[in-house]
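Any read-out appearing in this document is the output of simple, stated calculations on the displayed coordinates, not a laboratory observation. Everything numeric in this text was worked out from a predicted model, so none of it was measured. So basically every Cβ, Gly included, is an ideal-geometry build from the backbone, and we count neighbours across all protein chains shown.
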Amino acid sequence: MAAKSKPKPKSLPLTTEVAAPAGKGSYAFISLGCPKNLVDSERMLGKLAQDGYALQPDADGADVVVVNTCGFIEPARQESLGVIREMLALKAAGRVGSVVVAGCMAERQREVLLEQVPEVDQIVGVFGREEITEVVDRAVAHITEQRSVFRPAPVRALEDTARLRITPRHYAYLKISEGCDRLCTYCAIPKMRGKHVTKPIEEVLKEARELAADGVRELIIVAQDTTYYGMDLYGKVRLAELLREMDQLDGIEWIRILYAYPEHIGDDLLATLAASKKIIPYLDMPLQHINDRMLRRMIRRVDRKATETLLAKLRKAWPNLAMRTTFIVGFPGETEAEYEELKQFVADQKFERVGVFPYSLEPGTPAEKMEGHLPEEVKQARVAGVMEVQQKIAFDFAQAQIGTEQTVLIDGPDPEFANHFRGRTTADSPDIDCEVRVKGKNLQPGDFVTAKVTAADGYDLVGKAVGTAW
């Protein structure tokens, strides 16, 4: 298996059309990268729709194409550049009017992007997204005097209301803060996204209610550092308080938490998670390594002892918890013994979901100047080694579910099997985790069903609907 327990789609092109008043052009939109970038995409889509632009499902024939890029690591930048060049080829062939590049890669490579792809009509950085309609106006009108829009990181988190969502109607990502104050030596996110800025509790709840009114039943909480929520705005972390408020929301059935940094998971948050009615027993907590020397080199601010203590407390306080985490292997200076320590830790902890990534050298980060960079083949071999350990754990976990009854959220029909539907348990986040193939009748996306698990198919489950969950 590759570096994730389930592969994530490389892009999220829109598949629906939105009618618009006459007088504006047509556009297509391609969103790349993480769920946080996806929220930005949906905000830009909402603004373009409100301004009267007509969305079409693919790029061919569009007056303008907007590509919201990812700039996190080199493979993501290469993917973004490939999509941009694909759109520019359509433009050269007369099948697309203009191409606009937005997002993290635009922000990170603002000085050189127009040199790499001079045919791009407009570039807009991460924090210029609120001006997307003016940018698209200029692109459609072929105005070349101002080809780029970059704005400083805001001192107050941008609102994410009035989104035109790419996700299915029944689930949505809710961004509770922007930026990051961490100094992890491998990461360039603070350079692209700025310092941590908390979105006020009342604003988060307003957006959550808007999403619930739009049919959302599963809210997925995202941020660069979820558990740091509130520190800049309130002088202390207030994620537990926010979650207690969200637990009272009408219409929302599941609340899922991603990107929870381990340092600020205290007893108040643990108690809130365990007592909640709607926060499902799933936690995405990226650990990145377990060896103390590697953690210090990464400036992770936690050590092995603290990590193991926290994991034990989580398991004890939160029954049926499914833990997702990620690790980086091949970090500069990682010895064979330190790698083996990580492998043994994964074997011992038996995380339900794990992603493993080879270290990516990122220009401008402190890790770039460290000694001991490892050959690519060593890094890839170490990824494979950890994933071999994790695959058995994940397969055993799937086998252990056979015969149990699980609450499953239906995502849609199964394209391969008649009278079957694809869904997810509480242990499965969209796109990155596993699925359940459910046999049933007349099920709709957003339905919660009780499914009896009859088989395991590798990482995934197979079952049959035996009732309505609620």
As a check on your grasp of the helix formula, calculate [θ] at 222 nm for the chain: sum -39500 (n - 2.57) over DSSP H runs of n ≥ 4, divide by the residue count, round to the nearest 500.
-10000 deg cm²/dmol
Quick one: which residues, 5+ away or cross-chain, put their amide H under 5 Å from the amide H of Val149? H built at 1.01 Å from N.
Ile123, Val124, Gly125
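Using DSSP, restrict attention to beta bridges with both residues in the chain and report what percent are antiparallel, rounded to the nearest 5.
Details: 25 of 68 bridges.
Within the chain, antiparallel bridges account for around 35 percent of the total.
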Kindly write out, for region 456-470 in residue order, the coupling ³J(HN,Hα) from the Karplus curve 6.51 cos²θ - 1.76 cosθ + 1.60 (θ = phi - 60°), rounded to whole Hz, with x marking Gly and Pro.
10, 10, x, 6, 8, 10, 10, x, 10, 5, 10, x, 8, 5, 5
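Shape of region 56-139 from its Cα gyration tensor (a ≥ b ≥ c, root eigenvalues): rounded if a/c is under 1.5, otherwise prolate when a/b > b/c, or oblate?
Details: a/c = 1.70, a/b = 1.25, b/c = 1.37.
Verdict is oblate for region 56-139.
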Just to be sure I understand the curve: with the Debye formula and one point per C-alpha of region 289-403, what is log10 I(q)/I(0) at q = 0.11, 0.13, 0.23 Å⁻¹?
-0.40, -0.54, -1.37
For Thr144 and Glu405 in the same chain, what is the full-extension length gain: residue separation times 0.36 nm, less their Cα-Cα distance, in nm?
87.9 nm
Cα-based Rg and Dmax for region 332-381, in Å, come out at 12.8, 36
Once Rh for region 375-470 is found with the Kirkwood sum over Cα pairs, what is the Stokes-Einstein diffusion coefficient at 10 °C and 1.306 mPa s, in µm²/s?
112 µm²/s
In whole Å, what is the distance between the alpha-carbon centres of region 21-59 and region 116-161?
13 Å
Quote to one decimal, in nm, the extra length available between Glu336 and Glu210 on full extension: 0.36 nm per residue of separation minus the C-alpha distance between them.
40.3 nm
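If each residue of separation counts as 0.36 nm, what is the full-extension length gain between Thr468 and Asn419 once their alpha-carbon separation is subtracted? The partial results should precede the final answer.
On the way: separation 49, 0.36 × 49 = 17.64 nm, distance 1.65 nm.
The Thr468-Asn419 span can extend by a further 16.0 nm.
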Using Cβ-Cβ distances only, list the Cys residues of the chain with no partner cysteine under 4.7 Å, sorted by number.
Cys34, Cys70, Cys104, Cys180, Cys434
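How about region 123-222: which chymotrypsin sites (Phe, Trp or Tyr not before Pro) there lie in a loop by DSSP and see at most 15 other Cβ atoms within 10 Å? Write down the numbers at each step before the final one.
Numbers: sites: Phe127, Phe150, Tyr171, Tyr173, Tyr186; in loops: Phe150, Tyr186.
The qualifying sites are Phe150.
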Can you figure out the FRET efficiency of Glu119 with Asp250, using R₀ = 41 Å and their beta-carbon distance, to the nearest 0.05?
0.25
